[in-house]
Amino acid sequence: MKNIYLIIVLAPLLGAIIAGLFNVSRRVAHTVTIGAVGISFLLSLVVFKHIILEGNPAFNEILYTWLTIGNGSFSLPFEVGFLVDSLTAIMMLVVTFVSLMVHIYTVGYMHDDPGYQRFFSYISLFTFSMLMLVMSNNFLQLFFGWEAVGLVSYLLIGFWYTRETAIYANLKAFLVNRVGDFGFLLGIAMVLMYFGSLNYTEVFGYVQQNEELVQNATINLIPGYQWSIMTVTCILLFIGAMGKSAQVPLHVWLPDSMEGPTPISALIHAATMVTAGIFMVARMSPLFELSETALSFVLVIGAITALFMGFLGLVQNDIKRVVAYSTLSQLGYMTVALGASAYAAGIFHLFTHAFFKALLFLAAGAVIIAMHHEQDIRKMGGLKKYMPITYWVSLIGTLALIGAPPFAGFFSKDAIIHAVAHSDRIGANFAYFAVLFGVFITALYSFRLFFLVFHGKERMDEHTRHHITGTPKVVWIPLVALAIPSVLAGMFAIGPMLYGNLFDGAIFVEHSHQAFHADDYHGWFFFMLHGFMQLPLWFAAAGVGVAYYLYMKEPDLPELIKGRFDTTYSILIDKYGFDRFNDWFFAGGSRNIGTKLWQSGDVKWIDGVFVNGSANLVGWFSSTVRYVQTGFLYHYAFAMILGLAVLLALFVF
Amino acid sequence: MLTDLPLLNLPLLSLLVWLPILGGIWVLMTAGKDDAVARPIALLISVLVFFLSLLLYIGFDTQTADMQFMEKHAWITTFQIYYHLGVDGISMPLIILTTFSTVLVILAGWEVIQSKVAQYLAAFLFMEGLMIGVFAALDAMLFYVLWEAMLVPMFVIIGIWGGARRIYATIKFFLYTFLGSVLMLVALLYLYSQADSFAILDFHKLIIPLDIQKFIFLAFFAAFAVKVPMWPVHTWLPDAHVEAPTGGSVILAAIMLKLGAYGFLRFSLPITPDASRELDWFIIGLSLIAVVYIGFVALMQQDMKKLIAYSSISHMGFVTLGFFIAFKILANPDLTNEAAMTTATMGIEGGIVQMISHGFISGALFLCVGVLYDRLHSRQIADYGGVANVMPRFALFAVLFGMANSGLPATSGFVGEFLVILSSFQANFWIAFLAAMTLILGAAYTLWMIKRVIFGKIGNDKVATLTDINARETFFLTVLAIAVLFFGLYPAPLLDVMHTTVQNLLVHIAQSKVI
């Protein structure tokens, strides 16, 4: 198996190198990278069969020793290796499948772009990095993958590097992620300090064997306060997840990342990279389970993100930004699941979300091409008749997103709400309210978007209307391929993922935190029927109803409401002021500090006072002392006599 | 077996010191004739010296902490001064870094330097020999003489081939470093009076009372802190870099700064371990100021070279932090002896890795600025913009080295910072916290510069006329890129040579020298 894993990881890297560095033709670039990712996907299917269907034990091996600290008895190795268990196998399948679809789609989407080869090189490099991240068996390699996907995200957001907005957005994305990584790295340092290793198996083994010890151990960060090391470690690690998975307040980079080409919004900023934080926390479940406080923190952050980012989706008019806010909100749902100890439900939602959100983004991309790069939904409408395939797959994606049965999102979202309802952790009540009300909001903004784009009056100008282009094959095939799991993934996966023993050994949940019990489960169909008697479904239905009323029946009403709730509207348009605050406080503050330290610290004090000052002092002293050397003999004689007198005086008294 | 090579029986270190110097004289003799002769000769010599230095790696025994490739000849017998050379796991990699950088610098100046070519190349060859001598010297007087002699070629390089304010910069550079090293001379003379020998290894064995240790420590500090440079004696560096020609900046950043850090390891730590332990907070404090304060200052620089210079100071903060955090770790009562020794090793080894890595990365960044400067004759960020449009190949390298400077994993820039942050955590959460600020600050100042210079629309008409890097420039940037990526992906070979030496040093400094 080791060779298979190596091929899965290295094939996309090779593809990226060939497409990026060797000045190849467009044809070669996409053939090589699609071929490479295709191989990775097929082999990931083999792995899926091997690990999940056949239930073989996890693979955990070291590839090479990155470096060793010291030698003899005082040594510590840092290694690179793979851990492939059920959790990893699922992530590998998601990553390679969505990546393959995006590769194919890109052939059509980036058809006229001069940076064609570069783009393929980047997305293949991304696939490599993401696979390294999910297949890692230690914190070091995790961090490597973590930063590498961040790098590719940076490169892709700024893909059109002549656009000022794009290169602003990519710098912002990188720096905000670095704030998260700052916490993450400290968390890793803490893991090494208290658990003595960076290898997952060793760390989790140590923690489980010394549960009592690590739960009682404390760290003294501020004199007088003792904090549990588990809480501090988990919160630090989670800060990393907040950066990558765009949780409030580190979410600010994700909406701006829409400056990148649409295929990468689907691949990186919806389906895979942004879910790395969710994956990481699920992977670290043996640590998180030992800190109620950290889990409450996770729960509350997730709930805030799920609800408040959903609101923002209501007022956006850029098709991609609506989907982006919806991604933020859904990431919040996943985080809530983690916080409620329902890691499996979080991963389940990650799994279904990857398909339907990639689908929605790619469909949005298809709309954008058809509209000749118009992204404002106020200038769309009635597109159903021009692009039927896109219409139908978008409908599937939207229904999956709002959690309509029997689409994939229904099962995963219901599971999360179920888990939160059963949690008695601090913050769970708030989280329950947030995710429940969030369902309404999700349905509202999703169908607002859907109706405004595909139904109603055709609001584009005449010129655009005449040139609406159909959807080429390379674009619609991936859409259909993603639509299939958007329908089916939920019903097939819910049993094994939530109620089966699929994640045994990969995800660890304290017995008392279990939200899903195999006895309560009687097949996906009954789960669905049960859903009809639950609140969430009716909240979703209400959302669709309101959207229908506002945007189909009474299309003038939204403007009226906007006028009525002016303050609320401006807060939402202002995105709660996060960007303004960050620009003023962090960006502006840093520039100010930098200027002050430079101008007054370095220039004025160190150079001005000390360096040049001492030079001036020497100059002044010399020029003063110079007057003593007059050249007149009697002056010198006088000085000698004076000196003699002083010396005599000293001797005598 | 490679270790049986007959070449290894040559007096390798002497060859490495004298071959460049004699070569420099040869190059100098061609002065005034044809520049086309001087360049290939200089290149030939530097390449030869580089390959010779690789023999040090091949023949190096990683199992012993003793000095290797030792040579000892009487020099000034009245004062027991010897011509005494040798290397251990700390100095050996630095010597190879020196020979490597010299080749690149000679290539970098190939078409660019048109006036006094022979003298320019000779100055770099002299410098190479002298710097190797400093790293290899085991006699304190020999060390001191070479240490001071090294200033002369650098003084000349900046003073003759430098920019407009070169005289101010050279004098500042000279006075700063010279004043520092005079105090070191006093300390060395005192140590001689105690040990009755100028052998550095004899100094290591001296028993010295704590008060005197502190004076000696501070005297060494004056010399080394200026070279590193540490805050607040760093202000000569931005000026020197700005005025120096590209080659001068590369050598300054890649090698000369390392000499200060090397001095801490060779002199301060082993000779005055108790004073180092007593004053560790002082060095750690200054190192953190370097990381944070200088990081903020770097953010606001308008001149690319100044920005990289400040970035160098900030990155060198990790070196001194890694060295001195070892004392805090050893004193941490929460750690077992084993954990403390391991993580203290991690700090020191992390610091050394950072030295090597910074040599590559800062060298590469200065070369990148040089590439732009050769074309537009400006170092101001504002004079560029959208360079990627006209120089895509160059942009690839600039972004790669920018990322390495931001400490991205898989580049060498990550390794040292990662190890030093991990080990600082073992001493104190807040030290690690401040050190880890570099993750944000380093990325901010580097990538903001990249954004303004490389990305965006073509900034002005001059930028539109830029031509992409030629084969020669591609070659030296590729070599550096390979080095940066190789040691990022597989740093083990670099660390493996230093384990025994570093652990021997740690055992040595863990023992008190005060009776």
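The values are calculated or read from the model by the stated rules, or taken from the named source; none is laboratory data. Since the model is a prediction, treat every value here as computed from it, not as a measurement. Don't worry about glycine lacking a Cβ; one is built from the backbone with ideal geometry, like all the others, and counts go over all protein chains shown. Only protein heavy atoms, including side chains, enter the accessible area calculation; ligands, DNA and RNA are left aside. Shrake-Rupley method; radii C 1.70, N 1.55, O 1.52, S 1.80 Å.
Residues to consider are A:L482, A:L452; find the one that is of a type outside the set (F, W, Y) and open to solvent by less than 20 Å² (accessible area, probe 1.4 Å). Break it down into steps so the answer makes sense when it comes.
Numbers: A:L452 fails: open to solvent by less than 20 Å² (accessible area, probe 1.4 Å).
Matching residue, one of A:L482, A:L452: A:L482.
For segment A:1-46, name all the residues that are among the small types (G, A, S) and under 22 Å from A:H111 (Cβ atoms). Even if it seems obvious, please write down each step before you answer.
Applying the first criterion (among the small types (G, A, S)) to segment A:1-46 yields A:11, A:15-16, A:19-20, A:25, A:29, A:35-36, A:38, A:40, A:44.
If the condition is that a residue be among the small types (G, A, S) and under 22 Å from A:H111 (Cβ atoms), then A:G15, A:A16, A:A19, A:G20, A:S25, A:A29, A:G35, A:A36, A:G38 are the ones that fit.
Can you tell me which residues in segment B:170-197 are more than 14 Å from chain A (Cβ to nearest Cβ) and within 18 Å of B:Y262 (Cα to Cα)?
B:S181, B:V182, B:L183, B:M184, B:L185, B:A187, B:L188
Please indicate, with yes or no, whether at least one residue in segment A:524-531 is assigned to a loop (DSSP other than H, G, I, E, B) and either out of contact with any strand residue (DSSP E or B) (no Cβ under 9 Å at 6 or more places or on another chain) or closer than 30 Å to A:L557 by Cβ (or both).
Of the residues in segment A:524-531, the ones assigned to a loop (DSSP other than H, G, I, E, B) are none.
No, there is no match, as no residue in segment A:524-531 is assigned to a loop (DSSP other than H, G, I, E, B) and either out of contact with any strand residue (DSSP E or B) (no Cβ under 9 Å at 6 or more places or on another chain) or closer than 30 Å to A:L557 by Cβ (or both).
Among the numbered criteria (1) at pLDDT 90 or above; (2) open to solvent by 10 Å² or more (accessible area, probe 1.4 Å), which single criterion is violated by B:G23?
Of (1) at pLDDT 90 or above; (2) open to solvent by 10 Å² or more (accessible area, probe 1.4 Å), only one is false for B:G23: (2).
Listed here are the residues, each with its yes/no results for (1) under 18 Å from A:L131 (Cβ atoms); (2) assigned to a helix (DSSP H, G or I); (3) of a type in the set (V, I, T).
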site	(1), (2), (3)
A:A11	yes, yes, no
A:G20	yes, yes, no
A:V32	yes, yes, yes
A:V37	yes, yes, yes
A:F41	yes, yes, no
A:F82	yes, no, no
A:M91	yes, yes, no
A:V94	yes, yes, yes
A:F97	yes, yes, no
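So is A:A443 open to solvent by less than 10 Å² (accessible area, probe 1.4 Å) and assigned to a helix (DSSP H, G or I) or not? Even if it seems obvious, please write down each step before you answer.
Details: open to solvent by less than 10 Å² (accessible area, probe 1.4 Å): yes; assigned to a helix (DSSP H, G or I): yes.
When the stated conditions are applied, A:A443 passes them.
Applying the selection to segment A:575-585, what residues are in contact with a helix residue (DSSP H, G or I) (Cβ under 9 Å, 6 or more places away or on another chain) and surrounded by 13 or more Cβ atoms within 10 Å (Cβ to Cβ)?
Narrowing segment A:575-585 to residues in contact with a helix residue (DSSP H, G or I) (Cβ under 9 Å, 6 or more places away or on another chain): A:575-577, A:579, A:582.
Matches in segment A:575-585: A:K575, A:Y576, A:D579, A:N582.
Out of A:G543, A:G608, A:G643, A:G601, report the one residue that is within 35 Å of the chain's Cα centre (by Cα) and open to solvent by less than 60 Å² (accessible area, probe 1.4 Å). Before you say what the answer is, go through the steps one by one.
Values: A:G608 fails: within 35 Å of the chain's Cα centre (by Cα); A:G643 fails: within 35 Å of the chain's Cα centre (by Cα); A:G601 fails: within 35 Å of the chain's Cα centre (by Cα).
Criteria check complete, one pass: A:G543.
Among the numbered criteria (1) open to solvent by less than 10 Å² (accessible area, probe 1.4 Å); (2) more than 14 Å from chain B (Cβ to nearest Cβ), which one does A:V191 miss?
Condition (2) is where A:V191 drops out.
Quick one: which helices (runs of 4 or more DSSP H) sit completely within segment B:409-476 and have at least 2 residues that are of a type in the set (A, V, I, L, M) and at the interface with chain A (Cβ under 8 Å from one of its Cβ atoms)? Quick ask: steps written out before the conclusion?
On the way: elements: B:412-427, B:429-436, B:438-453, B:461-464.
Those helices (runs of 4 or more DSSP H) span B:412-427, B:429-436, B:438-453.
When you go through A:G115, A:G158 one by one, which is the residue that is in contact (Cβ under 8 Å) with a residue 60 or more places away in the chain, within 13 Å of chain B (Cβ to nearest Cβ) and open to solvent by less than 40 Å² (accessible area, probe 1.4 Å)? Lay out the reasoning, then the answer.
Details: A:G115 fails: in contact (Cβ under 8 Å) with a residue 60 or more places away in the chain.
The conditions single out A:G158.
Output the number of residues of segment A:126-155 satisfying the condition of being over 17 Å from the mean Cα position of the chain (by Cα) and more than 11 Å from chain B (Cβ to nearest Cβ).
4
Suppose we filter segment B:498-511 for residues that are of a type in the set (A, V, I, L, M, F, W, C), surrounded by fewer than 22 Cβ atoms within 10 Å (Cβ to Cβ) and away from chain A (no Cβ under 11 Å); how many remain?
Matching residues across segment B:498-511 total 1.
Which of the residues spanning segment B:193-220 are in contact (Cβ under 8 Å) with a residue 12 or more places away in the chain, in contact with a helix residue (DSSP H, G or I) (Cβ under 7 Å, 6 or more places away or on another chain), open to solvent by 20 Å² or more (accessible area, probe 1.4 Å) and assigned to a helix (DSSP H, G or I)?
Correct list: B:H204, B:L210, B:K214.
Can you go through A:E61, A:E79 and tell me which one is over 30 Å from B:V507 (Cβ atoms), open to solvent by 30 Å² or more (accessible area, probe 1.4 Å) and in contact with a strand residue (DSSP E or B) (Cβ under 6 Å, 6 or more places away or on another chain)? Explain how you work it out, then say what you get.
Details: A:E79 fails: over 30 Å from B:V507 (Cβ atoms).
Every option except A:E61 fails the conditions.
With respect to the numbered conditions (1) more than 30 Å from B:E338 (Cβ to Cβ); (2) not polar (S, T, N, Q); (3) not in a loop (DSSP other than H, G, I, E, B), which one is the sole condition not fulfilled by A:G55?
(3)
What do you reckon, is A:F238 at pLDDT 95 or above and part of a helix (DSSP H, G or I)? Break it down stepwise before answering.
Numbers: at pLDDT 95 or above: yes; part of a helix (DSSP H, G or I): yes.
So A:F238 passes the test.
Go through segment A:214-235 and give me each residue that's open to solvent by 30 Å² or more (accessible area, probe 1.4 Å) and in a helix (DSSP H, G or I).
Scanning segment A:214-235 gives A:Q215, A:N216, A:I235.
Quick test for you: out of A:P286, A:P263, pick the one residue that is more than 28 Å from A:V98 (Cα to Cα), away from every other protein chain (no Cβ under 14 Å) and touching a Phe, Trp or Tyr at 6+ places or on another chain (Cβ under 6 Å). I'd like the intermediate steps shown before the answer.
Working: A:P263 fails: more than 28 Å from A:V98 (Cα to Cα).
Exactly one residue qualifies, and that residue is A:P286.
Exactly one of (1) open to solvent by less than 10 Å² (accessible area, probe 1.4 Å); (2) within 11 Å of another protein chain (Cβ to nearest Cβ); (3) part of a helix (DSSP H, G or I) is unmet by A:I123. Its number?
Checking A:I123 against (1) open to solvent by less than 10 Å² (accessible area, probe 1.4 Å); (2) within 11 Å of another protein chain (Cβ to nearest Cβ); (3) part of a helix (DSSP H, G or I), the one that fails is (2).
So which of B:A261, B:A298 ends up being part of a helix (DSSP H, G or I) and either among the basic types (K, R) or more than 14 Å from chain A (Cβ to nearest Cβ) (or both)? If you could, list the steps in order and put the result at the bottom.
Working: B:A298 fails: either among the basic types (K, R) or more than 14 Å from chain A (Cβ to nearest Cβ) (or both).
Every option except B:A261 fails the conditions.
Of A:L617, A:L572, which residue is within 14 Å of chain B (Cβ to nearest Cβ), part of a helix (DSSP H, G or I) and not aromatic (F, W, Y)?
Working: A:L572 fails: within 14 Å of chain B (Cβ to nearest Cβ).
Testing whether each residue is within 14 Å of chain B (Cβ to nearest Cβ), part of a helix (DSSP H, G or I) and not aromatic (F, W, Y) leaves just A:L617.
Only residues that are surrounded by fewer than 23 Cβ atoms within 10 Å (Cβ to Cβ) and within 22 Å of B:H377 (Cβ to Cβ): list them for segment B:79-116, please.
B:L107, B:W110, B:E111, B:V112, B:I113, B:Q114, B:S115, B:K116, listed by residue number.
Picking from A:S40, A:S25, which residue would you name as being over 28 Å from the mean Cα position of the chain (by Cα) and hydroxyl-bearing (S, T, Y)?
Working: A:S40 fails: over 28 Å from the mean Cα position of the chain (by Cα).
Only one candidate qualifies: A:S25.
If you take the residues in segment A:496-511 that are outside any loop (DSSP other than H, G, I, E, B) and out of contact with any Phe, Trp or Tyr (no Cβ under 6 Å at 6 or more places or on another chain), which one is least open to solvent (accessible area, probe 1.4 Å)?
So in segment A:496-511, the residues outside any loop (DSSP other than H, G, I, E, B) come out as A:496-499, A:511.
Checking which are out of contact with any Phe, Trp or Tyr (no Cβ under 6 Å at 6 or more places or on another chain) leaves us with A:496, A:511.
On the way: A:P496: 60, A:H511: 152 Å².
Across segment A:496-511, the extreme among qualifying residues is A:P496.
Which number in (1) at the interface with chain B (Cβ under 10 Å from one of its Cβ atoms); (2) of a type in the set (D, E); (3) open to solvent by 10 Å² or more (accessible area, probe 1.4 Å) marks the one condition that A:E211 misses?
(1)
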